[in-house]
Every structure is written in structure tokens, then in C-alpha cells.
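Comments concern the structure below.
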Amino acid sequence: MNLIVAVDENWAIGNHNELLITIPADHKFFRQETNRKVVVLGRKTLETFPQGLPLKNRVNIIMSTNQDYKVKDAIVVHSPEELFEELKQYAEEDVYVVGGESIYRLLLPYCNVAHVTKIDHAYAADAYFPNLDEMPEWEITADSEEQTYFDITYHFLKYERVRQS
């Protein structure tokens, strides 16, 4: 499984259920990377999408502990076991975990590739992603040139889980 996330220099990902900053090139990268793929996300993340609707041209799998939660044009699962059963029908490389914090933390151990947009700025935040730089099982395998959006610089990084031999 893959995951895709934008983090600030403290690995923050959001504040008050919103992204820290909207960077058009980051959104474009997200769209290109996940188009025609499977996205796994939590209910609160879905509610931040335009009109709270599932993403077009993707299989949307929403995780919610609420057994009565239903979403038009999306699959709702209520446990990791139910999620993994649902994911059996998709290629592992076509599955992207897209947030939020609790979903990332729950599914990080099952991911082998992390696409991280690392923003060179610290924002006020209340949601964080685990710091992959402090985890020996993860290594950076690709780093873009420095990107700029107004006065903000950032990099597109690809982390991969180190294979144990």
C-alpha cells in the first residue's frame, strides 16, 4: 500500500480539520498519483473534500466506526479487518491511504511507499503524521528539486520501507 501526505517541517498535517496550506502543485501531484486508483480515508477527511463528496475517478473507501454511516458512491468499512478484506480485490500498488491522522497511524505499518510533500515552514496544527525521518525502517528514495509557491518552499519526497534481508 501507498500513502500520500503533505507535512510541514514538524510533520504537521492539519489544523481544525483543514489542510495547513493549499499548494496547487501538491494538489496536482495528488490527483495524478491517485487518479483511477483506490483511496482509503476517514470520515472527517471526506468531510473536508468539496461538498463532502468522494473523489471522482477513484474507488473511495471510507473508514468509520459508525455502523450506520453511508456515503453515496463510496465503500464504507468499519474496521481494519473489513478494510483488508475489501482491499483483496485491488492491486497493492493501486491503494493510497490519504488521511487523516488516525487513519495514517493505523495503516502506516501496512504501507511500503510514502509520497510526502515536505513543506519548509511550521504551521499552527493539531494533527500530525509520524516522523518518517526518525524511523529506521523508512528511507528517502526520491527527492524533487526545491519547489516554490509564493514564499513557501517544499519538496516532493518518496520514502520506501527498507526491505529486511
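The values are calculated or read from the model by the stated rules, or taken from the named source; none is laboratory data. Remember, predicted model here, so these are calculated numbers, not experimental data. Note that we place each Cβ from the backbone using ideal geometry, even for glycine, and neighbour counts take in every protein chain shown. We work out accessible area using only protein heavy atoms, side chains counted, and drop any ligands, DNA or RNA first. Shrake-Rupley method; radii C 1.70, N 1.55, O 1.52, S 1.80 Å.
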Checked segment 27-56 for anything open to solvent by less than 30 Å² (accessible area, probe 1.4 Å) and not β-branched (Val, Ile, Thr); matches are Leu41, Gly42, Leu46, Gly52, Pro54
When the residues of segment 31-53 are filtered to those that are of a type outside the set (D, E, K, R) and not in a helix (DSSP H, G or I), which remaining residue is farthest from the chain's Cα centre (by Cα)? Leu53
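Within segment 82-101, identify whether any single residue is in a loop (DSSP other than H, G, I, E, B) and under 18 Å from Val5 (Cβ atoms), and answer yes or no.
Yes: segment 82-101 contains one or more residues that are in a loop (DSSP other than H, G, I, E, B) and under 18 Å from Val5 (Cβ atoms).
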Collect the residues in segment 136-165 that are surrounded by 15 or more Cβ atoms within 10 Å (Cβ to Cβ) and within 22 Å of Ala122 (Cα to Cα), keeping them in residue-number order. Ile140, Gln147, Tyr154, His155, Phe156, Leu157, Lys158, Tyr159
Against the definition (part of a loop (DSSP other than H, G, I, E, B) and free of Cβ contacts under 8 Å to residues at least 12 places away in the same chain), how does Asp68 come out, yes or no? yes
Condition check for Lys56: farther than 20 Å from Phe129 by Cβ, part of a helix (DSSP H, G or I), at pLDDT 95 or above and among the basic types (Lys, Arg): no
Which count do you get for residues in segment 112-165 that are part of a loop (DSSP other than H, G, I, E, B) and among the polar types (S, T, N, Q)? 5
Just give me the residues in segment 82-135 being hydroxyl-bearing (Ser, Thr, Tyr), open to solvent by less than 80 Å² (accessible area, probe 1.4 Å) and either over 22 Å from Asn10 (Cβ atoms) or over 16 Å from the mean Cα position of the chain (by Cα) (or both), in sequence order. Tyr90, Tyr96, Tyr123
